[in-house]
Amino acid sequence: MASPADPAGRNPLTREDQTLLVLARLMEGGQEDSETVTDLDRLTKLLSDDVEHVKAGEPSITSVIDSDCVDTIVCYLDMRQPEIVRGHAAVSTSAYLKAAGDDGNMKLADFFHDHIRRGTYDDYIVAFCVAATIFPIVPELTADLFLSEGFLSSLGPLMRRKWKSRKVETACLEMLNAACMHTHCREAVQKYCTEWLEEVVDQDPEDVVKAMYAADPDVHLQEGSILMRRHSEQVQNLAAVVLAKLRAVQPVKPPSDLSGPRIEQATTSIEDLSKMFTNMLLKDPEHSAKPSIEGLAYATLQPQIKEDLSKNKEFLQSLVKALQGAPPKSPMTYGALSIFHNLTVFQPARSDEEKRIDQLKAYANALGKIEPNPLNDHDHVLERCKRVFEAGITPVLITHGVQGSLASKALVICIIYSLSMVTAFRGQLAQQGAVRFLLAAWAALPETESKSRRTAAQALARILISTNPVLVFGGTRPISQSNAIRPLASIVNPDPDAETRDLLPSFEALMALTNLASTDDETRDNIVRAAWPDVENMLLNSNPRVSTAAVELVCNLVQSPTQAVDLFCETKPPQHAQNRIRILLALADAEDVATRCGAGGALATLTGYEAVVRGILAEKRGVEVILGLCREDREDLRHRGAFCVCNMISQNDAGLAKQVKEKMKAAQAVEILTESVKKSRSAEVVEITIEALKGLIDET
């Protein structure tokens, strides 16, 4: 794109000239907000393009941006500027720091130190606002400024001044709030600021008045004078949020390392702060929702607070309402979702080896054996999930999951995943749109978000295990059930990136696919195309539940004649079919009853095919395994065995049928079936067993 001409219509302006013109307008001020935003966007574009121009060997436009220009740009981050201007200024600042590199960092550091050194209220406000905004942009640079000698220790006297500036206090606390994302800064805040933060939170207006009268009994108070001597409610709320982050996130040190009176004298506990935030949300949700939700997002990391809040129905309903009214992709939305996630998240399963390693680490730290908090166990989390669901969270979750950012979508997926642990809720989750959302989320999430995609697929699997596919995928706005196959197939194999091999997703995916495979041949064909190699691998898994789930799926898949023939009759090379028949026979003779039942069901279908019967006869113990089913104590297993015998002796090929009868008789089939008839009480089992006996005895 050609550069614009200068005002006099001469040669096109260079990039440096364009930059200076934009900066001149910004420095002049007096523009409408929309004009300021437009100029900031132009500056952002120039700075973003500058990176590529520099790579091409051109000089950087940042050489014309001096300290005064930097002051102009970052002063638009002042909290007294309109919110829209501040947002665009943050993007421009980020673009400048990226383009200017070390020189930009140095100019920003000079700006911060100069304003702090001047020490006026205006200078403090600007410096604090800039630090709060750029913390996420350049955390290491901002942390260096924040941790510079004497800076944090100077904040206490500033906040304790007799006459308050609410804007200074607000800007200061917003900076501390942002700084708490950085570990070393958080530690420093806890060391230098905890005492006065508690003073701000605990301040009672009546105590302020009493203190004033104690100092001067004859004082005459004018309207507003008390207010100027105490912290505002907004400031108190912000201080509480910072304290909550310190209490919830800052790790507890061993007793031997606790030194210094400040930490030991702390009186405001995380439980106290939690009650404060809860009351704020319940009493004044319109004005106090943002700080209370932000504070509770950290407070609910504590097990006791999770438990207490989950039992407060009024709070849960208020939080659902606040989430419903929160704008998509906003900090308030993310905070509310974080609270619900904290309330419902289950602890990850840990192997015995991991538990032993944890104990060794604990002993090494001289802390003794670490016992997990019982409030985080499965049963307690399950009860919290029930309370959250009953507060009517699902429709609101779905809305924010569809409209929200990638981070919000991930939280929504995790919450639905936890709610789906309650079997009784799965049908309602499907009715309220969870299946449609999970399918869309899995398809929309990029491959890099593998954890969220697997979580979405597993939540989908749980819902589909317990619901009728016809009901889930029917209705007035039907979803194609074939859309569910790929997500489920993606988790049949354990996560290759996980440190611990977790087979639960595999088991649940196989169960869900089994449910889908009970519907129609088209679905069965799609499942085989999408998942057969992984399903086949799971047939011989060392975990009996996984192996059972896999063979039950195969039992449903072979109801499709196409799949029965392709997989067990006409596979090329043919030894693959024989290997699969051998595996089914082995599973029909397994120790686990459910596994034998699933394999017996598959064989009952497959023995209707001549190639499978020949395959069974080719196995040394093939006939013995089939008759073993007829000897079972359970009638459903004897029914499967008798059905297999009937199929095998009823082959159209007379020679094959004769061969089967001879092998059966040699293996005492008549005696075994006679005994089965005597044990059976079901008319259906008796009928099919007698039919098998007649077929064996009939010599025609």
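The values are calculated or read from the model by the stated rules, or taken from the named source; none is laboratory data. All values reported here derive from a predicted model rather than from experimental measurement. Cβ: placed from backbone, ideal geometry, glycine included. Neighbour counts: every protein chain shown.
Take the residues of region 104-145 that are in a loop (DSSP other than H, G, I, E, B) and farther than 25 Å from THR183 by Cβ: which is modelled with the highest pLDDT?
Taking the candidates together, the pick is THR120.
Just checking, does region 478-486 include any residue being without any contact (Cβ under 8 Å) to a residue 40 or more places away in the chain and either within 23 Å of the chain's Cα centre (by Cα) or in the same structural domain as GLN432 (by TED's automatic domain parsing) (or both)?
yes
Consider ILE649 carefully, then state whether it is in contact with a Lys or Arg (Cβ under 7 Å, 6 or more places away or on another chain) and under 28 Å from GLU570 (Cβ atoms).
On the way: in contact with a Lys or Arg (Cβ under 7 Å, 6 or more places away or on another chain): yes; under 28 Å from GLU570 (Cβ atoms): yes.
So ILE649 fits the description; yes.
Only one residue in ARG501, ARG462 is over 14 Å from the mean Cα position of the chain (by Cα), of a type in the set (D, E, K, R) and buried (at least 20 other Cβ atoms within 10 Å of the Cβ). Which one?
Every option except ARG462 fails the conditions.
Yes or no, residue by residue, for (1) of a type outside the set (Val, Ile, Thr); (2) assigned to a helix (DSSP H, G or I); (3) not assigned by TED's automatic domain parsing to the domain that holds LEU584:
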residue: ASP636; (1), (2), (3): yes, yes, no
residue: ALA642; (1), (2), (3): yes, yes, no
residue: GLN651; (1), (2), (3): yes, no, no
residue: ALA657; (1), (2), (3): yes, yes, no
residue: VAL660; (1), (2), (3): no, yes, no
residue: GLU671; (1), (2), (3): yes, yes, no
residue: GLU675; (1), (2), (3): yes, yes, no
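From the list THR44, THR36, pick out the single residue that is more than 12 Å from ILE65 (Cβ to Cβ), hydroxyl-bearing (Ser, Thr, Tyr) and in contact with a Leu (Cβ under 8 Å, 6 or more places away or on another chain).
THR36
Consider only pairs whose beta carbons are under 6 Å apart and that are at least six residues apart or on different chains; among these, list those whose first residue lies in region 283-296 and is under 18 Å from ASP272 (Cβ atoms) and whose second residue is of a type in the set (S, T, N, Q) and in a helix (DSSP H, G or I).
Going by the 6 Å Cβ cut-off, the qualifying pairs are PRO291/ASN237.
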